[in-house]
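Shown next, in structure tokens, is the structure this report addresses.
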Amino acid sequence: MISGRDGPDILLCDLDAFFASVEQRDNPQYRGLPVIVGGSPASRGVVSTCSYEARKFGVRSAMPTARALQLCPEAVFLPGDMARYRRVSEQVFAIYGRFTPEMEIVSIDEAYLGFPAGKGEAAAKEIHRVVREELMLPLTIGVSRNKLLAKIASEMAKPNRVGTLWPEDVPALLWPRTLEMLPGLGPASVRKLNRIGISTIGQLAAAPLDLLQKYFGNSATVVQRSARGIDDRPLETIHKVKSISEEKTFSKDLADEKAIRAVLMAQAENLGYRLRSGGLLARTVSLKLRFSDFRTITRDRTLPAPTDSDLEIYQTARELFALHKGRPPWRLVGLRVAGLGSGQQLALFDSSGTAKKEEDLAQVRDRLREKYGGAVLYRARSLLKPKRKKD
Ligand SMILES: [Mg+2]
């Protein structure tokens, strides 16, 4: 009934209260205090992350900030600094990349890792130790044989621990738990099941399928399989990806070259971030332009050496734009990097090399900001209102 014994080990690595933990790490005066990172109460903002100290007061993420501050008036409230959290996230993913190339990034603070069967638990303990020692961040890792059980294992282990939930332990450890513990089962489904006398995961695992079909239709099988700890979803690792791209269509055609360059810079930063997060280097950069008559061109350039540098991607894009910009205005601008390959050899063979590389990257980023400034970005954003990336 329970499958998955033969597959690889899967880890779900989830940083605890990530934004709040970064703030507490970087501002020692906030340690031990309830910290809330979120949107301003004045503009109906919501809580993005809160520290475990704030959770004791009932504060939760996605709660209106105004409500959170009512519950916990003494909380340290911070608007957050997404650029800084992204840099820290890159450092964390770079550490994961030293242990395995099998990585599926779920979000800024969550990734699945794959290891050969039998190697996962030891790797998890080592990753936990390295993240604590090098980055001083709390991390929870769930270890199992599939993504579902790894996720549940991490929920059970939180915060700041390594936990396992092996398929053979599902009857003893998972089946006595209530339905809320099962990812993907919403409150409405839980209520429906409770009404027909199913309140534990074990009862759901044993329920007649035709009964479940009345409530879940075609999904009944998947729901019952997850109650039995079965999940066949593969890791969607980034190294299987051939190219990554960013595109922006303007709501009104744009004739300002500076604004176009600012968009290209933002796109280059996002592409650089995504490459570094996946431990990848790109060989080619291509620029896509659409003119007001809908004519669309793409122009490629192969780089002298593979890169994950924001600055190099941006400079290449800028040169391609200067060469092929044609006649304004422009309707769409896009950037794509391709010819992707693993950029982790350095990290595998030489840990001091890794540190050096990260230092270089940070310098490049700082230079980029110094040279072109947040002001340009800000101006472009206010001009063009590109969608903010959701983290
Ligand atoms: Mg987290």
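Residues of segment 303-332 being of a type in the set (A, V, I, L, M, F, W, C) and in contact (Cβ under 8 Å) with a residue 40 or more places away in the chain, which ones?
Listed by number, the residues that qualify are Leu311, Ile313, Ala317, Phe321, Trp330, Leu332.
For segment 50-81, name all the residues that are among the polar types (S, T, N, Q) and at pLDDT 95 or above.
Within segment 50-81, Ser51, Gln70 meet the criteria.
Would you mind stating whether Glu134 is over 21 Å from Ala94 (Cα atoms) and at pLDDT 95 or above?
For Glu134, the condition - over 21 Å from Ala94 (Cα atoms) and at pLDDT 95 or above - is not met.
Go through Ala123, Ala205, Ala153, Ala172 for me and flag whichever is among the aliphatic types (A, V, I, L, M) and exposed (fewer than 13 other Cβ atoms within 10 Å of the Cβ).
Sole residue among the options that is among the aliphatic types (A, V, I, L, M) and exposed (fewer than 13 other Cβ atoms within 10 Å of the Cβ): Ala172.
Of the numbered conditions (1) more than 18 Å from Arg25 (Cβ to Cβ); (2) away from the ligand (no atom under 16 Å from the Cβ); (3) within 17 Å of the chain's Cα centre (by Cα), Phe99 satisfies every one except a single condition; which is it?
(3)
Take Glu74 and decide whether it is assigned by TED's automatic domain parsing to the domain that holds Val143 and touching a strand residue (DSSP E or B) at 6+ places or on another chain (Cβ under 9 Å).
In short, no.
If you take the residues in segment 106-136 that are farther than 24 Å from Glu180 by Cα and under 16 Å from the mean Cα position of the chain (by Cα), which one is nearest to the ligand (Cβ to nearest atom)?
Ranking the candidates gives Ile108 first.
Report yes if Glu246 is outside the structural domain of Ala188 (by TED's automatic domain parsing), out of contact with any Gly (no Cβ under 9 Å at 6 or more places or on another chain) and either surrounded by 13 or more Cβ atoms within 10 Å (Cβ to Cβ) or acidic (Asp, Glu) (or both), otherwise no.
no
Kindly indicate the residue of segment 279-315 that is among the β-branched types (Val, Ile, Thr) and part of a strand (DSSP E or B) and also nearest to the chain's Cα centre (by Cα) among those meeting that condition.
Thr307
Give the residues of segment 221-237 that are touching a residue at least 24 places away in the same chain (Cβ under 8 Å) and of a type in the set (S, T, N, Q), sorted by residue number.
Ser226, Thr237 - these are the residues of segment 221-237 that are touching a residue at least 24 places away in the same chain (Cβ under 8 Å) and of a type in the set (S, T, N, Q).
Of the residues Glu90, Glu53, which is over 22 Å from Gly272 (Cβ atoms) and either within 16 Å of the ligand (Cβ to nearest atom) or not hydroxyl-bearing (Ser, Thr, Tyr) (or both)?
Unique residue meeting the criteria: Glu53.
Could you figure out which of (1) more than 12 Å from the ligand (Cβ to nearest atom); (2) touching a helix residue (DSSP H, G or I) at 6+ places or on another chain (Cβ under 7 Å); (3) touching a residue at least 60 places away in the same chain (Cβ under 8 Å) isn't true of Val47?
Val47 satisfies all of (1) more than 12 Å from the ligand (Cβ to nearest atom); (2) touching a helix residue (DSSP H, G or I) at 6+ places or on another chain (Cβ under 7 Å); (3) touching a residue at least 60 places away in the same chain (Cβ under 8 Å) except (3).
With the checklist (1) assigned by TED's automatic domain parsing to the domain that holds Arg55; (2) over 11 Å from Leu12 (Cα atoms); (3) of a type in the set (A, V, I, L, M) in hand, flag the one item Leu149 doesn't pass.
(2)
Of a type in the set (A, V, I, L, M, F, W, C), surrounded by 15 or more Cβ atoms within 10 Å (Cβ to Cβ) and assigned to a helix (DSSP H, G or I): which single residue out of Val37, Val22 fits that description?
Just a single option satisfies the conditions, and that option is Val22.
Quick grid of which residues meet (1) away from the ligand (no atom under 16 Å from the Cβ); (2) more than 23 Å from the chain's Cα centre (by Cα):
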position: Asp26; (1), (2): yes, no
position: Pro34; (1), (2): yes, yes
position: Phe57; (1), (2): yes, yes
position: Ser61; (1), (2): no, no
position: Pro73; (1), (2): yes, yes
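The values are calculated or read from the model by the stated rules, or taken from the named source; none is laboratory data. What you see is a predicted model; the values in this text were computed from it and never measured. Here Cβ is always computed from backbone atoms with ideal geometry, including for glycine, and neighbour counts include all displayed protein chains.
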